[in-house]
Amino acid sequence: MKKLTIAAFLLCSTLTMAQEKIEFLPYGNMDSWAVRYIKESSLIGGQTRELYMIGKVDTVRENKPYAVKGGSPWGTSNAYAKVMGIETAAVNVTPEKRGNGYCCKLETKLTVVKALGIDTKAVATGSLFTGKLSDPMTMEGTKNPAKAINMGMKFTKRPKALMLDIKSQISQSGELKQANASTKVKTLQGNDEGEIIFFLQHRWEDEDGRIFAYRVGTASEHISKTMDWQNNHRLEVRYGDISAQAKPWEKLTKERFMARNSKGKMVYIEEVGYKADVEPTHLIMQVSAGSVAPFVGCPGNTLWVDNIRLVY
């Protein structure tokens with residue numbers, strides 16, 4: 001009888017797996033990368049920096065915008081910035097060899113830029129997201145990163161789960177660093193955590209250009225400890241109203257993400273409720289080495305991500 005029970009269980013498990021369909025998000029295997037070369041201003045040293053992006057491009061030009069070949073949906077926190085006439089680059093997302101291909105490495109870094117003999121410091125968190133970063137980033141974007149990111153991609157499907165390979169190096173020292181183009185670095189109490197979020201939204205725009213959204217589906221996780229590769233790591237998508245069980249970072253938001261409206265203006269995406277019975281129009285996915293406020297984090301915290309797939 002016991003042998004029959006085990007056999008029945010294995011048969012049911014096999015049938016369930018056979019009924020699932022798994023699809024990669026575009027460029028989700030993290031094997032396609034392009035390099036852009038940024039010549040920084042002579043005032044800060046004039047070095048040439050390598051700025052990495054996920055996808056393929058037709059032409060890579062120094063300090064010029066480029067179009068992604070094949071429609072890669074991925075943006076990163078790697079930034080080309082032009083502020084007060086100074087051109088610079090921030091790099092905290094890079095490819096790393098994994099097996100016969102590559103994975104995406106996301107780091108929290110404390111960077112130091114020397115200009116006119118003065119060291120200017122900033123904490124930046126490595127982040128991968130569906131969307132597009134402004135190019136070049138301006139003063140407005142450097143003060144509020146949300147204003148520099150047109151967040152999300154068009155998406156109408158209803159997956160049952162997000163699946164990816166993930167690895168982490170997370171400090172539990174109890175100390176955070178804070179710096180935003182400052183000569184000093186503040187030390188704060190607390191720990192930072194890696195973050196994975198996956199929001200399905202149904203968006204619309206009113207006549208004034210405001211963008212509203214229903215939250216259709218939610219999947220997320222915070223990563224608070226160091227761990228080796230977790231292959232086929234799975235986050236179930238919960239549809240509809242999750243307010244009773246929502247973690248703080250899963251709650252509806254009106255001032256977290258921005259998108260460009262039909263008038264060409266960047267505005268906040270105002271989520272007005274949970275609704276399962278409407279078709280998604282957009283997907284917001286973000287994987288980050290940190291989850292606290294901008295310009296605050298734990299330098300050295302790192303996530304590696306690979307093989308981003310959806311389960312149907």
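Here's the picture: a label point sits 7 Å out from the Cα of Glu175 along the beta-carbon direction, and within the stretch 183-206 the residues with their amide nitrogen under 16 Å of it are 184-192.
When the C-alpha to C-alpha distance is required to be over 18 Å, the pairs from Lys132/Lys265; Lys121/Lys177; Lys147/Lys251; Lys56/Lys132 that qualify are Lys147/Lys251.
Quick one: grab the alpha carbon gyration tensor of the stretch 168-312, order the square roots of its eigenvalues as a ≥ b ≥ c, and give me rounded if a/c is under 1.5, else prolate or oblate depending on whether a/b is larger than b/c. Oblate.
For the residue pairs Lys21/Lys160; Lys254/Lys275; Lys154/Lys247, the C-alpha atoms sit more than 19 angstrom apart in Lys154/Lys247. Full extension of the chain between Asn144 and Ile86 gives 19.1 nm of extra length, using 0.36 nm per residue less the Cα-Cα distance. Rolling a 1.4 Å probe across all protein chains gives Lys251 an accessible area of roughly 110 Å². When only the Cβ of Lys, Arg, Asp and Glu is charged (+1, +1, -1, -1), the dipole of the stretch 249-312 relative to its Cα centre reaches about 260 debye. Put Val267, Val93 in order of accessible area, highest first, and with a 1.4 Å probe you get Val267, Val93. FRET efficiency for the pair Val267 and Asp228, taken as 1/(1 + (r/R0)^6) with r the Cβ-Cβ distance and R0 = 30 Å, rounds to 0.15.
The values are calculated or read from the model by the stated rules, or taken from the named source; none is laboratory data. Just so you know, these numbers come straight off a predicted model, no measurement behind them. So basically every Cβ, Gly included, is an ideal-geometry build from the backbone, and we count neighbours across all protein chains shown. In case anyone asks, the SASA skips ligands and DNA or RNA and just uses the protein heavy atoms, side chains included. Shrake-Rupley method; radii C 1.70, N 1.55, O 1.52, S 1.80 Å.
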